[in-house]
Amino acid sequence: MFSPQTEEKFSKLVSRYPSKRSALIPMLLFAQDEKGPLTGEIVDYVARYLHLTPLEVEEVISFYSMLTKKPRGKFHLQVCTNISCMLRGADKIWERVKEKTGLKPGQVSADGVVSIEEVECMGACTTAPALQVNYDFYENLTVERVDQLLEDLGRRKGPDTSPDSEQMESSPRRRHDAEHPRATRLLTAGMAAKDSRSLENFLAREGYQTAEKVLKSMNADQIIEEVKKSGLRGRGGAGFSTGMKWGFVPRQSPKPKYLVCNADESEPGTCKDRPLLEYDPHQLIEGMIIAARALECHQAYIYIRGEYRYLFNIVSRAVEEAYARGFLGKNIFGSGWNLELATHTGAGAYICGEETALLESLEGKRGYPRIKPPFPAVVGLYGCPTVVNNVETLSAIPHILKNGGEWYAKFGPEKNGGTRLFSVSGHVERPGNYEVPMGTTLRTLIEDFAGGVRQGHQLKAIIPGGSSTPILTADKIDTPLTFEDIAKAGSMLGSGAVIVMDETTCIVNVARVLTRFYAHESCGWCVPCREGTVWMRKIFNRYHDGFGRKEDIDLLDSVAKKILGHTHCPLGDASAMPVISAIKNFRSEFEEHLKLGACPLEKNLVAV
Amino acid sequence: MAETVTLTINDKVITVPAGTLLIEAARQNGIHIPSFCYVKDLSLQAACRMCLVEVEKTPKLQVACTTVCTHGMVARTESKPVIEARRAVLEFLLTNHPLDCPVCDKGGECELQDMTFKYGPGTSRFIEEKEHQPEEQVSPIIFFDAPRCILCYRCVRICDEGMDVKALEPIGRGVKTIIGTGHDTLDCEDCGNCIDICPVGAITSEEYRYKTRPWELKYYGTVCTHCSNGCKTTLSVRNNTIIRANNRDRTGMNEDFLCVKGRFGFDYVGSSDRLKTPLVRRQERLEPATWSEAVQFVADRLGEIRKAGGPDSIGALGSPRLTNEENYLLQKFMRLIVGTNNIDHHRTGDYASLEAALARRDRREALLNVDQIKEARNILVIGDDPTTQQPLVAFNIRFAVRRRGARVFIINSKRIKLLRKAAGSLLLTAGKEAELVAFLAHHEKSLEQAAAEIGETPEALKNFEMELRGAEDLAILFGAEIRGNAVNDLVEWATTLPGAPRLMALSDFANSRGAMDMGVSPLWLPGYAPVHDAHTLEQLGRAWNGTLPNRKGLSQPEMFKAMGEGTLKGMLIFGANPAEPSANPADRSVDNDAVAALKKLELLVVSDLFLTETAKLADVVFPAASFAEKAGTMTNCGGQVQRLQRALLPLFDARPDLAILTELARACGALDWLHVPWTEVLKEIARLHPGYAGVSVSSLMRGEIPCTVLSARKEAWPDAGELHRLAASMRPNTSRSLYASGSLASHSPTLVQLQPRAAVQEAFVEKYQM
């Protein structure tokens, strides 16, 4: 039924997991890459391949946005209109795409070449606005570039859209802090080189030497102790002490233990894992080798969001290189230590960034968060002790073990060790990912690194930690970037995505866009989130269009507060906090909408 | 004693076993915490958030359904934040709910409605457009209405965890999620448990929808009479018509469970094919007659035949479908009034051989009942196909696997569905089950020889035996494949196993066990005493006020032989249809012989619901009442006695067999046979039958389910070979499936309509190798 290449992918896939079902999501995505919509015939084939029922396959297809049963064009355009793109004119881009193609969302052109879709954050926040043609990113878009792109596509002259392409030459290299005089470069140190992702380059930077040293000379307790000393806190969003998390794994358990790297970066505004995967995948692999040794684990996975297919290819290639040199597999560095590492692709579901939903997804199921306790450290992947760590967290590990925990801790203030990559997006002069020491102030980050608020404008609001964190007013700009200080200021450090908004921004619209996102991404498991996010979305749409009622402001606040703290997983809270903070900090703006019967700032939403 | 923890809920100090969930601890102590998704014994969801409670020292409200009680925990279930959270959940649930209660089937017995009345806001602040999806018919009998669904996933779990069917799963994401079937029809066993377990009106049944309102119905909890497991089923009745059957309060030993027959197979009761009046053959034709004409006709003819040919020229067949009281009266009639032991019935489970093998042992320790399966840690199933033939037994086996981590071992000649739950199995050549058991018990053959004979490898056989040798407290269930001497072997082998193994013989019909217990047999009296046992004869004679024959009677095959030879001239057949054509064409000559024999009779009397193949040959046909029109008791395959409650007044001119027998006895001159209720008969049984000593009418009335133990005999059976020879003539019903249970089910339009789905399911399971 499938080409030999795809069949080979399938057979490789099923060999990677202790449970065949784990192969389901990548398998469906690869099947779709070759055949298009997932027809009943494909479902049947996959079901039989993995010893599942067709229904078990269907339920999974229906959960992930990238999997489809409907036809798409040869070039499927996915335009992001989430917050960071929206702030930089994504609505215009989307309008242009609709206008030029004459298509409705989900519709395929008569010749079958183009189809269009409005999508949520795809991780191009610092190069916004962006769209994807199949798996290819097109970033820093302007209306002119869109016109050109559509013309190329119309002539079927599109770039290489093969899902296996590794190079995105059409997209600019993502900006980082290389040129800044006060740059602190640990994780991003190697990225300046053009071939930084290659194994040779990495080895030239003393790559894998730390892992070798650790494997040959340290035991698990010593590694964990060093990581505890470093003060490293999870870089995914929750900020839990990495050393402590590792310490929770029951060492005496007879079950296998698993390490999973969470590369499902999808918090709107966040794209800091992207350069780490793209430009220094070996750094991550080295971190995982050390982490696996600390956890006494012999099987690790890297779960990469489906939209990052080119990164999946890059990281998969790096893993192969590492295997070829004996850095992975049996008897690594001759140390007697074994570690199998496999990459795994998601298929479009924000919730899978939540660690237990990620594990469900990795087991080939719908990404429903699990009941906690038990926590993954005790009952995780396949019911076994599991640690899930973010890309950036794991990428920091080689540096900590190379130079010592205390050395790393000293970069930042107490309890906030090391450096962190912040994705600065929105209304700044130089959006980008910047690595700065923890404790750097928002002002330094925004003004020094990101070039300040775009010329001729004033700062209005900042979302300091990704879309899930409360919105701060401009006066909080001198807050240091530590978990505690940002909390004191009324928000959360979250994923380190700093979204900057100037005075042209309609806060009602911001809240509307974010609410739309959570309503789209709510898994539907629990009642308050499933029903509440959609209710808020509907009110916001009506309100922003000028059909608001006086009582809607309190109603929104009340609905958000009834979601807050009542849901099965943090997505509910994440949907509520921006709304609550928007109303609390910008209530007058809501009232102005009522007075005018329309958005007072709509006219200002133009491309930068 | 297990470890306990002490905690405080709403200022009440309570102590519960460690590991108890907060929601259970509260409920057990009279504090009700509302919930939708929490169902005891199914996996935890924490999805509905209705059970949010306040727990001291935790910053957020906690869901009581996943919170494990800890020592010193202080919880509040009625504080302001809790009440507000509940109201919020209900308000959220109602935003996209259609609020079509006035037309919804569930209105009046809907958990969402009840909760909204009790805890919810009286109004809604939701003014937006609701999400809507059209209603869908997903199977011949099931409809799914997505807007009403609150996504509690109960149906998904009962279908997967309870039934091991997995026909329902959530489809879509977020607010667009529905409970889906994947494609246009439901690939399932049509059990309909999803309908019962649905807290709202999202899943409804073809036979009930839009017919009535729940408050217009009367409810009668009774026992399903389609198989030997004895599920409780509640008949919903309006205007003397059964509108539906379900287990609406999830009580009884089946709790969440009913199979397709128990739920949908009641519609034969109101079938227009039912016999409407007694029939008497006049000039070669069966003509309607009055009851008194028909009964007197039979009494007169019986008297003549007995006078001419002696009592042994008359015989009777009872039925595993009749109540204990009816079977008891039938054998009493034959023994006391006719004076013969020519009485038998269609036997399936070999309880007699089991009884004989257990002589001198405490049967209460050695026998297994249907409830005990749930607690078993090791289970062995020999023969049969519990999924289709013993649905509750199969459900309980799955329960034990799911909740107790039980290990299941299967010996079968077919790839039955239960193999999916098996920790070990032997797939042997059909008909070799007894040889395998003989090998296990005696090891008279070499391993290689035994393995070759049963069609397995020596390694497989050896490993299987080793596994079982280590299986403590093994629960052994065996089908009719094991009968006669094989039962003896099985019991002998079981005594060598560790712990306290228990046994259950699986049988085919609702009262197979009861019919045996009541002595509907040519060899033994009620209580499994041999028919020549002087002590029992004396005791029964005194109680019955007469003398009883001590000659062995004829078994069913022997009676047919005697009919053919002309020595048996009169025959009473109650609730049996021996002329029914066999499913197996190879048996057609046997069928023809049976019909020829019945035709030779001078008098054939049949009592049945329908004009069966046998009734068509009869001289007199009595229209019998169905299970819904009569009261009495039934004994399931595990020996548990339950009460059949009368839900309908007799339809047409039908009468319960209890009344027919009494009337017949009186017509035969036994004027001391008074028309007494079943309770009086049961009291007599409890007095005279040592195995039923503990069965009291009042305990049954209280809803208790007493467990009987075959007999209390201490002596070995005098001639076990005789029992085993008789067992050899047992004919397990080969035509049974999930949708069929003999002649009654064949008159159920719903079951007949669903019948073809059995093959579809088999193909489905085969195809996806689940």
Close pairs from the stretch B:400-420: first buried (at least 19 other Cβ atoms within 10 Å of the Cβ), partner among the basic types (Lys, Arg), Cβ under 7 Å, at least 6 apart: B:ALA400/B:LYS374; B:VAL401/B:LYS421; B:ALA406/B:ARG377; B:VAL408/B:LYS421
Strands (runs of 3 or more DSSP E) wholly inside the stretch B:365-446 that include at least 1 residues being farther than 19 Å from B:ALA505 by Cα: B:407-412, B:422-427
Qualifying positions in the stretch B:174-196 - within 12 Å of chain A (Cβ to nearest Cβ) and among the aliphatic types (A, V, I, L, M): B:VAL175, B:ILE178, B:ILE179, B:LEU186
Condition met for B:SER292 (touching a His at 6+ places or on another chain (Cβ under 8 Å), farther than 25 Å from B:PHE395 by Cα and of a type outside the set (Asp, Glu)): no
All positions within the stretch A:500-559 that are away from every other protein chain (no Cβ under 14 Å) and of a type in the set (Ser, Thr, Tyr): A:THR504, A:THR505
Complete set of residues in the stretch B:568-596 that are closer than 23 Å to B:PRO623 by Cα and part of a helix (DSSP H, G or I): B:ALA594, B:VAL595
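Scan the stretch B:674-682 and give yes if some residue there is closer than 18 Å to B:SER743 by Cβ, modelled with pLDDT of 95 or more and either of a type in the set (Asp, Glu) or part of a loop (DSSP other than H, G, I, E, B) (or both), otherwise no.
no
Residues are listed down the side, and each one gets a yes or a no for (1) out of contact with any Lys or Arg (no Cβ under 7 Å at 6 or more places or on another chain); (2) at pLDDT 95 or above; (3) of a type outside the set (Gly, Ala, Ser):
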position: A:TYR518; (1), (2), (3): yes, yes, yes
position: A:GLY546; (1), (2), (3): yes, no, no
position: A:HIS566; (1), (2), (3): no, yes, yes
position: A:PRO570; (1), (2), (3): yes, yes, yes
position: A:ASP573; (1), (2), (3): yes, yes, yes
position: A:ILE583; (1), (2), (3): yes, yes, yes
Out of A:SER491, A:SER495, sole residue that is in contact with an Asp or Glu (Cβ under 6 Å, 6 or more places away or on another chain), outside any helix (DSSP H, G or I) and touching a residue at least 12 places away in the same chain (Cβ under 8 Å): A:SER495
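Within the stretch A:155-172, is there a residue that is out of contact with any Gly (no Cβ under 6 Å at 6 or more places or on another chain), surrounded by fewer than 22 Cβ atoms within 10 Å (Cβ to Cβ), modelled with pLDDT of 80 or more and on the phi < 0 side of the Ramachandran plot?
No, there is no match, as no residue in the stretch A:155-172 is out of contact with any Gly (no Cβ under 6 Å at 6 or more places or on another chain), surrounded by fewer than 22 Cβ atoms within 10 Å (Cβ to Cβ), modelled with pLDDT of 80 or more and on the phi < 0 side of the Ramachandran plot.
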Set B:ASP608, B:ASP593: member being modelled with pLDDT of 95 or more and out of contact with any Pro (no Cβ under 6 Å at 6 or more places or on another chain): B:ASP608
Among (1) closer than 25 Å to A:ARG185 by Cα; (2) not in a loop (DSSP other than H, G, I, E, B) - the single one A:PRO268 does not satisfy: (2)
Boolean, A:SER15 is of a type outside the set (Lys, Arg), without any contact (Cβ under 8 Å) to a residue 24 or more places away in the chain and away from every other protein chain (no Cβ under 14 Å): yes
Subset of the stretch A:389-435 [assigned to a strand (DSSP E or B), within 27 Å of A:ALA294 (Cα to Cα) and not basic (Lys, Arg)]: A:ASN389, A:ASN390, A:THR419, A:LEU421, A:GLU435
Cβ-Cβ under 6 Å pairs, at least 6 apart or on other chains, the stretch A:383-398 side modelled with pLDDT of 95 or more, far side of a type in the set (S, T, N, Q) and not in a helix (DSSP H, G or I): A:PRO385/A:SER253; A:VAL388/A:ASN262; A:ASN390/A:ASN262
Selection from the stretch B:557-574 of residues that are modelled with pLDDT of 95 or more and either among the hydroxyl-bearing types (Ser, Thr, Tyr) or in contact with a Ser or Thr (Cβ under 7 Å, 6 or more places away or on another chain) (or both): B:THR567, B:LEU568, B:LYS569, B:GLY570, B:ILE573, B:PHE574
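Those residues that are closer than 11 Å to B:ALA202 by Cβ and assigned to a loop (DSSP other than H, G, I, E, B), I need them from the stretch B:139-154; list them, please.
B:ASP145, B:CYS149, B:ILE150, B:LEU151, B:CYS152
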Selected residue (criterion: nearest to the chain's Cα centre (by Cα)) from residues of the stretch A:561-592 that are within 11 Å of another protein chain (Cβ to nearest Cβ) and of a type in the set (A, V, I, L, M): A:LEU571
Selection from the stretch B:611-662 of residues that are at pLDDT 95 or above and at positive phi: B:GLY632, B:GLY639
Boolean, B:ILE171 is within 11 Å of chain A (Cβ to nearest Cβ), surrounded by fewer than 22 Cβ atoms within 10 Å (Cβ to Cβ) and of a type in the set (A, V, I, L, M, F, W, C): yes
Entirely in the stretch B:476-550, the helices (runs of 4 or more DSSP H) that have 2 or more residues that are surrounded by fewer than 21 Cβ atoms within 10 Å (Cβ to Cβ): B:485-494, B:534-544
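The values are calculated or read from the model by the stated rules, or taken from the named source; none is laboratory data. In this text, all values refer to a predicted model and were calculated from it rather than measured experimentally. Positions of Cβ are backbone-derived with ideal geometry, glycine not excepted, and every protein chain shown enters the neighbour counts.
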